[in-house]
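Structure record follows, encoded as structure tokens.
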Amino acid sequence: MPVGTARTCMNGLNALSGVGLLTVPYALPEGGWVSLALLAAVAAACWYTGILLCRCMDADDAIRTYPDIGERAFGRTGRLLVSAFTYVELYLVATGFLILEGDNLDKLFPGARVTLGTVSLAGKRLFVVLVALVVAPTTWLRSLGVLAYVSATGVFASVVIVLSVLWAAAVDGVGFSGRGTTTPLRIAGLPTALGLYIFCYGGHPMFPTLYASMKRKSQFPKMLVICFLLCTLNYGAMAVLGYLMYGDGVLSQVTLNLPSARLSSKVAIYTTLLNPVTKYALVVTPIAAAVEERIRGAAGKGARAVSVAVRTLLVLSTVAVALALPFFADLMALVGSMLNVAVCMLLPCACYVRIFGAPSMSSVEAVAIGGILVLGSLVAVTGTYYSLMKIIHELV
């Protein structure tokens, strides 16, 4: 594989390697063992829609980004729709980062409490606020080069987490005797499982950029196959491993099940904590930039102060949501069902059909796109409904 293609492949792996790795063991008992086949089906569908996005780019040399594709297909409305789904997805992912950090830090330091006058914060809520104080200054940076470099270790971090969990099971005494149901398929839990699976493959906003950066664009489908295959093997291995260890008792993040006193557990948890801290600014910056672009004319000489204010308010708002909805798996299932399914499945198909027209498609293409649209629509409706109901149930 040429050096440029290998570099793009690594960037693709980083785009697909995220905190979804921690939730797949929880998704497995939700959907049953058969749902692993659906993990593979979701991966195949998302790979194909990634290819469709790049075919859309070939239709017009001026297309460089995902919103450009939306505009080429549906005009200004298409650009706004793609941007809206992408920004809301990024916002909720940033919120999920805070929840994840709070959950795992609370496991490492149980009973932590800080009291300032009449205000007292303890446990997960305390750590959500502390992590926000740490990441807020990183959002003010003009250059995120260092953070991008650190967060690009996502592939390495994913492998370390899986190996640490395996070590905890095989060497540190956890074992593989988790008790779970033998039911091969749980219909009631499938919407949640599918939402979490789709959440794992939310790299589509990056694909046009990766495609544009390749000198040998004909290698892109092959490169994307490698990325999806390796990530799916990693996700599948973690799902099976976590479920064999803890059965139906596996928590929304498998790291929360690990015995905190063991070195392997600390390695897994600290590795888990690193990526969200480095990625938070990278995730919220596109949202902040869009807001700043809207008010740039009114800012004048105070543009820098406005930028800091916008980004600080953005951090504060994610803190408020994280404290109000501290349900990591349910929130990520909602992101997968309502937002990722649109960005990764429905919109690529709709844009491709709009740009090239149904008559130009082969029968195989038509069947594949039709199947993805049906699957995506079902997940969007049922997954969003069940995720919202679970969140509402947790609140009341």
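The values are calculated or read from the model by the stated rules, or taken from the named source; none is laboratory data. Model, not experiment: these values are computed from the prediction. Neighbour counts run over all protein chains shown; Cβ positions are idealised from the backbone, glycine included. With ligands, DNA and RNA removed, areas are computed over all heavy atoms of the protein, side chains included. Shrake-Rupley method; radii C 1.70, N 1.55, O 1.52, S 1.80 Å.
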Hey, among Gly18, Gly50, which residue is in a helix (DSSP H, G or I) and crowded, with 16+ Cβ neighbours inside 10 Å? Gly50
The one condition in (1) surrounded by fewer than 15 Cβ atoms within 10 Å (Cβ to Cβ); (2) free of Cβ contacts under 8 Å to residues at least 24 places away in the same chain; (3) at negative phi that Gly117 fails to fulfil: (3)
Could you please tell me which pairs satisfy a Cβ distance under 9 Å, a separation of 6+ or placement on different chains, a first residue in segment 267-294 that is of a type in the set (D, E, K, R), and a second residue that is assigned to a helix (DSSP H, G or I) and modelled with pLDDT of 90 or more? Lys279/Val93; Lys279/Ala94; Lys279/Phe97; Glu292/Val310; Glu292/Arg311
Search segment 342-394 for residues being open to solvent by 60 Å² or more (accessible area, probe 1.4 Å) and in contact (Cβ under 8 Å) with a residue 40 or more places away in the chain, and hand back the single one that is farthest from Gly50 (Cα to Cα). Glu394
Filtering segment 251-272 down to residues that are of a type in the set (S, T, N, Q) and touching a Ser or Thr at 6+ places or on another chain (Cβ under 6 Å), which residue is nearest to Val24 (Cα to Cα)? Thr255
Tell me, which residue of segment 211-248 that is open to solvent by 40 Å² or more (accessible area, probe 1.4 Å) and among the small types (Gly, Ala, Ser) is modelled with the lowest pLDDT? Ser213
Suppose the filter is part of a helix (DSSP H, G or I), polar (S, T, N, Q), under 13 Å from His204 (Cα atoms) and out of contact with any strand residue (DSSP E or B) (no Cβ under 7 Å at 6 or more places or on another chain); does Thr77 pass it? no
State all residues of segment 251-262 that are open to solvent by 10 Å² or more (accessible area, probe 1.4 Å) and in contact (Cβ under 8 Å) with a residue 60 or more places away in the chain; if no residue qualifies, say none. Leu251, Ser252, Leu256, Pro259, Ser260, Arg262
Within segment 363-385, the residues that are at pLDDT 95 or above and of a type in the set (Ser, Thr, Tyr) are Ser377, Thr382, Thr384, Tyr385
Could you check segment 97-181 for helices (runs of 4 or more DSSP H) lying wholly inside it with 3 or more residues that are under 25 Å from Gly18 (Cβ atoms), touching a Leu at 6+ places or on another chain (Cβ under 7 Å) and modelled with pLDDT of 95 or more? 123-139
Within the set of pairs 6 or more residues apart or between chains, which connect a residue that is free of Cβ contacts under 8 Å to residues at least 40 places away in the same chain inside segment 76-98 to a residue that is crowded, with 20+ Cβ neighbours inside 10 Å with Cβ atoms less than 7 Å apart? Arg79/Gly70; Arg79/Glu71
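Per-residue answers, yes or no, for (1) among the hydrophobic types (A, V, I, L, M, F, W, C); (2) open to solvent by 10 Å² or more (accessible area, probe 1.4 Å):
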position	(1), (2)
Met10	yes, yes
Leu22	yes, no
Leu36	yes, yes
Ala44	yes, yes
Met57	yes, yes
Tyr66	no, no
Is segment 238-247 home to any residue that is within 30 Å of Phe85 (Cα to Cα) and in contact with a helix residue (DSSP H, G or I) (Cβ under 6 Å, 6 or more places away or on another chain)? yes
Given (1) under 24 Å from Thr285 (Cβ atoms); (2) in a loop (DSSP other than H, G, I, E, B), where does Ala84 come up short, assuming only one miss? (2)
Assess whether Ala169 counts as being more than 20 Å from the chain's Cα centre (by Cα) and touching a residue at least 24 places away in the same chain (Cβ under 8 Å). yes
Just for segment 171-206: of the residues that are farther than 16 Å from Gly247 by Cα and among the aliphatic types (A, V, I, L, M), which one is most open to solvent (accessible area, probe 1.4 Å)? Ile187
Can you pull out every residue in segment 61-87 that is closer than 12 Å to Ala212 by Cα and touching an Asp or Glu at 6+ places or on another chain (Cβ under 8 Å)? Ala62
Restricting the search to segment 302-320, which residues are surrounded by fewer than 18 Cβ atoms within 10 Å (Cβ to Cβ) and either within 14 Å of Gly96 (Cα to Cα) or among the aromatic types (Phe, Trp, Tyr) (or both)? Leu316, Ser317, Ala320
